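All of the numbers you see were taken from the coordinates with simple rules; none came from a lab. If you're wondering where the values come from, they're calculated on a predicted model, not measured in any experiment. Cβ placement follows ideal geometry from the backbone for every residue including glycine, while neighbour counts extend to all protein chains displayed.
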Amino acid sequence: MRSLRILPILCCFTLLGCEDFFDCLIAREPSIANKEFPIATVGNYYEVSLNSEIKNEPRDNDYDYFFEVSGLPEGMDYSVDYRRLYIEGTPTESGFYRVNVRLDVDGPFRNGFENEDERLCNYSTSKTYILEVE
């Protein structure tokens, strides 16, 4: 039984090679916070923020962060303050909205970080949130 647990690990070593295997275990990639949005109310100002980071990357402040947001209700928009995304505004219509957030990163942009070994596993991610407007 114990040997069956090790089999997937051995397959990864064989198929991916040692270096890629460890990249899979300790993935360095962008991440957007998991968050449940509070309920919004038609005609009332609403704001929620989402933090982002690059997991397992101590220099995540050395990257540029680019956000795209879609699916917001009428009357709402988004703004960005470096690694933080703000969704805000006054919704004009009730309903359930699937808010899609895409994050792309580029970098790092500091001297001495141009080594190929410094590459991330992924340079983008996306997440979908549900926004309820009453």
*asked:* Using the Karplus curve 6.51 cos²θ - 1.76 cosθ + 1.60 with θ = phi - 60°, what ³J(HN,Hα) values do you get for each residue of segment 54-69, in whole Hz, with x for Gly and Pro?
replied: 10, 4, 6, 10, x, 9, 5, 6, 8, 9, 9, 10, 10, 10, 10, 10
_In sequence order, calculated HN-Hα J values of segment 73-80 (Karplus, 6.51, -1.76, 1.60; Hz; x Gly/Pro)_ = x, 4, x, 10, 8, 9, 9, 10
*asked:* In whole Hz and in residue order, list the ³J(HN,Hα) couplings for segment 29-43 that follow from phi through the Karplus curve 6.51 cos²θ - 1.76 cosθ + 1.60, θ = phi - 60°; x for Gly and Pro.
replied: 7, x, 9, 10, 4, 7, 7, 9, 6, x, 6, 9, 10, 4, x
*Given H placed 1.01 Å from N in the peptide plane, which residues other than close sequence neighbours of residue 42 have an amide H under 5 Å from its amide H?*
134
*Work out the length of the dipole vector of segment 29-133 about its Cα centre, built from +1 on the beta-carbon of each Lys and Arg and -1 on the beta-carbon of each Asp and Glu, and round it to the nearest 20 debye.*
280
*asked:* Based only on other Cβ atoms within 10 Å, what is the fewest-to-most ordering of 133, 80?
replied: 80, 133
